[in-house]
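A short write-up of the structure that comes next.
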2 protein chains.
Amino acid sequence: MALGTDYELQDCALARALEVVGERWSLLIVRDAFYGVQRFNDFLTHLGIPRAVLTARLNALVAAGVLRREPYQQAPLRHGYLLTETGLELWGPLYQLSRWGGRHATEGGPHHLFAHARCGTDLDLVGACPKCGGGPVPPAEVVMRPNPAHTGGHRDDPVSRALVRSHLLLEPIASAAA
Amino acid sequence: MALGTDYELQDCALARALEVVGERWSLLIVRDAFYGVQRFNDFLTHLGIPRAVLTARLNALVAAGVLRREPYQQAPLRHGYLLTETGLELWGPLYQLSRWGGRHATEGGPHHLFAHARCGTDLDLVGACPKCGGGPVPPAEVVMRPNPAHTGGHRDDPVSRALVRSHLLLEPIASAAA
DNA sequence: CCAATAGGTCTGGTGAATGAACCTTCGTCT
DNA sequence: AGACGAAGGTTCATTCACCAGACCTATTGG
């Protein structure tokens, strides 16, 4: 969790969840993973997080079964961090929390919009497609694109620049594919 | 947020949300508020949180517009902490995160189950009523009850004991109504 | 040989969380 | 009156996590 690292006395599913993703940075790392960030250095530059903290968080998320390490080259062995099935199921809470933040705590509107890849319709509040019906759209079928109406500054790291182009969630960003 | 207290460099709605409810204890306080906890001492004993931290978090949540202070007696002036409209909209993210925690990080199953008050049907993954259809059920129409299948220890403070009885969300718990 | 890339670890300083003690106001009991 | 207790804080010393930056290792390109 955020700081004490756990809430052992809380016999509640929410407390358990927060022990896994409640620490500072953890949820932002997971969000970046949905955005297609996979490499240590990409997380580092995009989040502006201290290296030691990133190492600790990635290891914790792997240990918790939210992320898994996957080699992407052998020469000097290098790993990327990918979402597991368990991690993918965080899309719902993450999307809703993000929407809440967009409604109540953001000036200039949200930076990104999310739509159903199949039909192009913007997702509703719970992450479902109003046109296609059915339950929430799985992240692999979601396209993110920058919000044209957004006003305000932008970051200028390679990852932020890659995220300016609309792309499917979970698809590795250009920086990682280079 | 959890610790640095903000993510100013993150131009993202999620980061904004986390600045408000991402700090350790904040989301648990909000959860308790949904459960009907309103008084300082009830939060204190139910969460096992240091007093100074509780004071800081409650003030921060009030400042952020998630909670509001409402006097419940004059003699010595005493306030309760209630969810605002903005705070009520956190039900969706909170419920989903709790469900995720119940699926992936809890042993012995969840402690509480949530159902639609009107028809008694258990809520689905996004907090909607599978029987009545429509969108997510607003918290005021949700009944929580202990999970009979849950195995494991229980806390034994007055608030935990009050939460053993099934009741509507947002309804003040017995301890506060005494 | 030198520099750069990728992914870390190590270190010292700062700030926040923790638990315990203390304070204040009022109401009640004797 | 005086003692006691509840409710809601504040203050304090200690611990612990975060932070920024320097350093380390392996490999490839020039």
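The values are calculated or read from the model by the stated rules, or taken from the named source; none is laboratory data. Please read all numbers here as calculations on a predicted model, not as lab measurements. Every residue, glycine as well, gets a Cβ built from its backbone with ideal geometry; the counts of neighbours run over all protein chains shown.
What the table shows:
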quantity: Residues of region A:49-72 classified as more than 8 Å from DNA strand C (Cβ to nearest atom) and over 23 Å from residue A:19 (Cα atoms), total; calculated: 2
quantity: Yes/no for residue B:89 being surrounded by fewer than 21 Cβ atoms within 10 Å (Cβ to Cβ) and within 12 Å of chain A (Cβ to nearest Cβ); calculated: yes
quantity: Hits in region A:152-165 (condition: within 20 Å of residue A:115 (Cα to Cα) and loosely packed, with under 12 Cβ neighbours inside 10 Å); calculated: A:165
quantity: Of residues in region A:72-101 being small (Gly, Ala, Ser) and touching a residue at least 40 places away in the same chain (Cβ under 8 Å), the one farthest from residue A:137 (Cα to Cα); calculated: A:80
quantity: Failed item, numbered, when residue B:99 is tested on (1) surrounded by 15 or more Cβ atoms within 10 Å (Cβ to Cβ); (2) assigned by TED's automatic domain parsing to the domain that holds residue B:41; calculated: (2)
quantity: Lone qualifier among A:123, A:168, A:83 - being modelled with pLDDT of 95 or more, surrounded by fewer than 17 Cβ atoms within 10 Å (Cβ to Cβ), of a type in the set (A, V, I, L, M) and in contact with a strand residue (DSSP E or B) (Cβ under 7 Å, 6 or more places away or on another chain); calculated: A:168
quantity: Subset of region A:22-53 that is part of a helix (DSSP H, G or I) and facing chain B (nearest Cβ under 8 Å) - its residue that is farthest from residue A:165 (Cα to Cα); calculated: A:27
quantity: Residue check, residue A:133 modelled with pLDDT under 95, on the phi > 0 side of the Ramachandran plot and assigned to a loop (DSSP other than H, G, I, E, B); calculated: yes
quantity: Matching option when the condition is farther than 26 Å from residue B:86 by Cα and in contact (Cβ under 8 Å) with a residue 24 or more places away in the chain, among A:116, A:111; calculated: A:116
quantity: Every pair of residues 6+ apart whose Cβ atoms lie under 6 Å, when the first sits in region B:43-55 and is without any contact (Cβ under 8 Å) to a residue 12 or more places away in the chain while the second is of a type outside the set (S, T, N, Q) and surrounded by fewer than 17 Cβ atoms within 10 Å (Cβ to Cβ); calculated: B:48/A:9
quantity: Filter result for residue A:56 (buried (at least 20 other Cβ atoms within 10 Å of the Cβ) and in a helix (DSSP H, G or I)); calculated: no
quantity: Index of the failed condition, residue B:145 passing every other in (1) surrounded by 13 or more Cβ atoms within 10 Å (Cβ to Cβ); (2) in contact with a Gly (Cβ under 9 Å, 6 or more places away or on another chain); calculated: (2)
quantity: Any chance residue B:50 is within 15 Å of DNA strand D (Cβ to nearest atom) and of a type outside the set (A, V, I, L, M); calculated: yes
quantity: Selection within region A:40-77 - charged (D, E, K, R) and over 15 Å from the mean Cα position of the chain (by Cα); calculated: A:51, A:69, A:70
